[in-house]
Amino acid sequence: MKASDLFVKALENEGVEYIFGVPGEENLDFLNSIKDSNINLIITRHEQGAGFMAATYGRLTGKPGVCLSTLGPGATNLTTAAAYAQLGGMPMMMITGQKPIKKSMQGLFQIIDIVELFRPITKYTDQIVNGNSIPSKVREVFRLATEERPGAVHLELPEDIAKEETDTPLFEVVRYRRPDAPKLAILEAVGMIEKAEMPLLLIGAGANRKRTCEALKALIDKTGIPFFNTQQGKGVVDERHPKFMGTAALSSHDFLHCAINRADLIINVGHDTIEKPPFYMEHGGTKVIHINFSPAQVDEVYFPQLNVVGDIASSVIHIAKEIKDMSNWDFSYYQKIKENVEEHLSKYARDQRFPLLPQRIVHIVREELPEDGIITLDNGMYKIWFARNYKAYQQNTLLLDNALATMGAGLPSAIATKLVQPDKKVVAICGDGGFMMNSQELETAVRLNLNLVIIVLNDNAFGMIKWKQEGLGFDNFGLDYQNPDFVNLAESYGATGYRPDSDESFKEIFSKCLNSNGVHLIDLPIDYSLNHSILNVLLKENTCKL
């Protein structure tokens, strides 16, 4: 059979459901092979959108999402999505085309070394130079993409190799079990936990696995140890749990950090330093146990005293089983901090001024969305407010990026989420800056007949950078712009657009959109005037006074 046919059969063998992408002339054999397969080809309007969709598919399913581009500029457009998947721990496979490598009549036209370009931002990258190697290479990149820590992989398929005849058989897909941590490490961790007076549990992105969610809840229920999470650890354990302290959306000077600073032991489950640090370690200060699939990468803000390396769920189960003596613990201070955090986060939640404050938007969205409703956040100032104020009840119901923290991923992520979870309510929440970076994917959402809600938070500026600029005492400069008419833009693509003019009208429109078919875009003005006074001034002046 033709090598491109073999490639597609190898992808089918791995269980691939979708390929997201923008094909080019170098992909035409491969494209023709997809036509006769059971894989759904999702044409996107930009390669970056395709990459974000593939990465989000990987994040939600644990299986590599697959995206496709041609050579040169098509491939370079995938680089941001590659870094997004690599830093975010999302399994993703990229397939790029290339001119013939045995004999080409086009000189160096459009040719750059894509394999070397992707090397620093992937777990593996290679060019296929022989059709017979396709089964082994596909099996290997899928293994690497899903192996802890998950990430991005890349294969380049040149035009002439795609046409080759080959009869190489496919490889069997072999799953593997992650090894357990050594018993001595488990017992040492138990000893440290039992000796501590104020242990505190931290839940990070690496704990976002179903078995780990269950194991962590069992540990918390047995021991009563209070817990907090990183932004990408939200929802791993239901945040309505009475022992939930909050989310570390900032690295310091938040009410939650009063508890972190008072703890004498932090049990870190699944967090690593690729995600923005939820706290800073000091030499001679709080001790830390690192429980993860791999040892801690030590730097100036993170240097744990114990590594428990192995399958996270198994480690948590074994630690919970071995803990016997809980008489040394005193969580009374944590309870006061929890009450303080809840009081602070509820402030402005019912403030009905218009344009709306971010705290009010978070409150309305949480009230209207069902327990299993899913939000995909783009990157901007609102991400901090949603991370701090929004309570996630289930894992993967608040999807945000706190690793690469790229703009432009919110809408493509929502599209992939709706494909994976068609029965769930899905809402993309984007700043006007991030939305405009991939707004063309509105056409993709409409073409796919998705039921999707998009909220564009409109402040005509790069709001997060404005907040930072003000915090540094600089003049307001260089961050304002004008937006298109988002309602007309949405309707030009075949979506339905709305522009609320009050708190009440937003609630009514949002509820209507959630319960209607089709793609709906809400152009919502947002008031960021309290960002500086709360996050830069109030927190530093008023925290940790208990």
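The values are calculated or read from the model by the stated rules, or taken from the named source; none is laboratory data. Quick caveat, the model's predicted, so the values are computed rather than measured. Cβ atoms come from the backbone with ideal geometry, glycine included; neighbour counts cover every protein chain shown.
Among the residues of the range 341-361, is there at least one that is within 28 Å of LYS210 (Cα to Cα) and of a type in the set (Lys, Arg)? Taking every residue of the range 341-361 in turn, none turns out to be within 28 Å of LYS210 (Cα to Cα) and of a type in the set (Lys, Arg). Only one entry of ASN396, ASN379 meets the criterion of being in contact with a Ser or Thr (Cβ under 8 Å, 6 or more places away or on another chain) and assigned to a loop (DSSP other than H, G, I, E, B), and that entry is ASN379. ARG447 meets the conditions (1) charged (D, E, K, R); (2) surrounded by 20 or more Cβ atoms within 10 Å (Cβ to Cβ); (3) closer than 22 Å to ILE43 by Cβ in every case but one. The failed one is (2). Residues in the range 205-229 that are at pLDDT below 95 and under 25 Å from ASN379 (Cβ atoms): ALA205, GLY206, ALA207, ASN208, ARG209. Condition check for ALA495 on (1) under 24 Å from HIS363 (Cα atoms); (2) under 28 Å from the mean Cα position of the chain (by Cα): one failure, at (1).
Restricted to the range 467-546, the set of helices (runs of 4 or more DSSP H) holding at least 3 residues that are among the basic types (Lys, Arg) and buried (at least 18 other Cβ atoms within 10 Å of the Cβ) is empty. Taken together, GLY89, GLY24, GLY72 contain a single residue that is within 20 Å of ALA409 (Cα to Cα) and either buried (at least 21 other Cβ atoms within 10 Å of the Cβ) or touching a residue at least 12 places away in the same chain (Cβ under 8 Å) (or both), which is GLY89. Sort out which residues of the range 100-119 are buried (at least 20 other Cβ atoms within 10 Å of the Cβ) and not aromatic (Phe, Trp, Tyr), and write them in order of number. Correct list: ILE114 only. The set of residues in the range 187-208 being out of contact with any Asp or Glu (no Cβ under 7 Å at 6 or more places or on another chain) and not in a loop (DSSP other than H, G, I, E, B) consists of GLU188, ALA189, GLY191, MET192, ILE193, LYS195, PRO199, LEU200, LEU201, LEU202, ILE203, ALA207.
Looking at PHE331, PHE279, PHE255, PHE303 in this structure, which one is hydrophobic (A, V, I, L, M, F, W, C), outside the structural domain of PHE386 (by TED's automatic domain parsing), in contact (Cβ under 8 Å) with a residue 24 or more places away in the chain and within 30 Å of ARG178 (Cα to Cα)? Steps first, answer last, please.
Values: PHE331 fails: within 30 Å of ARG178 (Cα to Cα); PHE255 fails: within 30 Å of ARG178 (Cα to Cα); PHE303 fails: in contact (Cβ under 8 Å) with a residue 24 or more places away in the chain.
Being hydrophobic (A, V, I, L, M, F, W, C), outside the structural domain of PHE386 (by TED's automatic domain parsing), in contact (Cβ under 8 Å) with a residue 24 or more places away in the chain and within 30 Å of ARG178 (Cα to Cα) holds for just one of PHE331, PHE279, PHE255, PHE303, which is PHE279.
With the structure loaded, tell me whether VAL153 is at pLDDT 95 or above and either part of a loop (DSSP other than H, G, I, E, B) or within 21 Å of the chain's Cα centre (by Cα) (or both) or whether it fails that test. So VAL153 passes the test. For the residues ILE161, ILE203, ILE225, the requirement of being among the β-branched types (Val, Ile, Thr), more than 30 Å from LYS321 (Cβ to Cβ), in contact (Cβ under 8 Å) with a residue 40 or more places away in the chain and surrounded by 15 or more Cβ atoms within 10 Å (Cβ to Cβ) singles out ILE161.
The lone criterion from (1) of a type outside the set (Gly, Ala, Ser); (2) under 29 Å from HIS344 (Cα atoms); (3) in contact (Cβ under 8 Å) with a residue 12 or more places away in the chain left unmet by ARG177 is number (2). Can you name the condition, by its number, that ARG211 falls short on among (1) over 24 Å from the mean Cα position of the chain (by Cα); (2) assigned to a helix (DSSP H, G or I); (3) more than 14 Å from GLU322 (Cα to Cα)? It fails just one condition, (1).
In summary, GLY434 fulfils each of the numbered conditions (1) touching a residue at least 60 places away in the same chain (Cβ under 8 Å); (2) assigned to a helix (DSSP H, G or I); (3) touching a helix residue (DSSP H, G or I) at 6+ places or on another chain (Cβ under 8 Å) with the single exception of condition (1). Pairs are defined by a Cβ separation below 6 Å, a sequence spacing of at least 6 or placement on different chains, a first member in the range 121-149 that is farther than 24 Å from GLY206 by Cα and polar (S, T, N, Q), and a second member that is modelled with pLDDT under 95 and surrounded by fewer than 22 Cβ atoms within 10 Å (Cβ to Cβ); the pairs so defined are ASN132/THR166; ASN132/THR168.
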